[in-house]
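Below you'll find the structure, written out as structure tokens, and then a few comments.
The values are calculated or read from the model by the stated rules, or taken from the named source; none is laboratory data. Keep in mind the model is a prediction, meaning the values are calculated, not measured. Cβ coordinates were reconstructed from backbone atoms using ideal geometry, including for glycine residues, and neighbour counts include every protein chain displayed.
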Amino acid sequence: MSSSSSVTAAAAGRLDPLSLAAILVTIAFWASAFAGIRAGLAAFTPGHLTLYRFLVAAVALTIYALVARIPLPPFALAWRIALLSFSGITLYHVCLNYGEISVPAGTASLIIAAGPVITALLATRFAGERLNTLGWLGTLVSLGGVTLIVVGSGQGLSFTRGALLILAAALFTSLYFVFQKPILKQMNPLHFTVWSLILGTVPMLVFLPGFAGQLRAAPLGAHLAVIYIGLFPAALAYLTWTFALSRVGPSTTTSFLYISPVFAILIAWLWLGEVPHVAALIGGAIAIVGVIVVNTVGRPRPAVSA
């Protein structure tokens, strides 16, 4: 192997400033979605909320696709995108919204925090990514930090049948993140996201019965909340996330999901005036330390040959 080829190979998957910025923008929007989801569930059933949110996202991305003249994917890729989207868009959001009916927010946060672990395991098996001992240790440290955030916030940890739905949601989104990587090597990541969200919205049309009545009955605040989580935590955040995923890989990208509760704490503090508990602040610091370990010394160094 030539030295230039070695440099290229070594650089592949490295976390650069642009990818980091895209990840942090995504995490911030996803963290802000919890308030919008709570507001939406006050006026809509979980199924109708999911449909409404992604209809907003799909309409926005369809307009973007027409203006930017984004081509349709070839059939060989389209069916793979549709299958992945059914897992990571349709099933993930439906399971999450229905699961949160009976699962306390703290329990839901801990279950979803298993997502990066599942993703890392899948990426190790199917995507050729590796974590060394320090990487797995950093992952466990971050998971411990999330646990401390939940406990420090006084949220319950009781498990219900809905917990299985949320665990399924974590699995579905992990499959989505890992198995889209080969597709991103064959098409523009932004184009993939556009068609993925549109195709993932189509199965949600099963919730159309009764949807019009809930639209008419919902207050303005609920409409604004759902429109927000459709445009920003859905449409825009998935674009920035896929951009980062195509550059640094699923296990690196999803390791940052551990700091989502940190963003949620800050947003609640600044937006709602909710002062965080000391234990939650300590847990947030621990989660950040774990993410830093994973992304600095948590991966085997590539061999450089002459």
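So that you can scan it fast, the table gives a plain yes or no per residue for (1) small (G, A, S); (2) surrounded by fewer than 19 Cβ atoms within 10 Å (Cβ to Cβ); (3) in a loop (DSSP other than H, G, I, E, B):
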site: A28; (1), (2), (3): yes, no, no
site: Y52; (1), (2), (3): no, no, no
site: V67; (1), (2), (3): no, yes, no
site: P71; (1), (2), (3): no, yes, yes
site: W79; (1), (2), (3): no, yes, no
site: I101; (1), (2), (3): no, yes, yes
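Only one of L148, L164, L171 is loosely packed, with under 15 Cβ neighbours inside 10 Å, at pLDDT below 95 and part of a helix (DSSP H, G or I); which?
Only one candidate qualifies: L164.
Taking first residues from region 279-294 that are closer than 17 Å to P250 by Cα and assigned to a helix (DSSP H, G or I) and partners that are modelled with pLDDT of 70 or more and polar (S, T, N, Q), the Cβ contacts under 6 Å between residues at least 6 apart in sequence or on separate chains come to V291/S255; V294/S255. Taking the stated definitions as given, is K185 charged (D, E, K, R) and crowded, with 17+ Cβ neighbours inside 10 Å? No; evaluated as a whole, the condition is false for this residue.
If you check I89 against the conditions, is it part of a helix (DSSP H, G or I) and modelled with pLDDT under 80? Against the criterion (part of a helix (DSSP H, G or I) and modelled with pLDDT under 80), I89 does not qualify. Filtering region 48-59 to residues that are within 19 Å of the chain's Cα centre (by Cα) and over 11 Å from G200 (Cβ atoms) leaves L49, L51, Y52, R53, L55, V56. Go through (1) in contact (Cβ under 8 Å) with a residue 60 or more places away in the chain; (2) farther than 16 Å from F232 by Cβ; (3) not acidic (D, E) for L66 and report which single condition fails. Among (1) in contact (Cβ under 8 Å) with a residue 60 or more places away in the chain; (2) farther than 16 Å from F232 by Cβ; (3) not acidic (D, E), L66 violates only (1).
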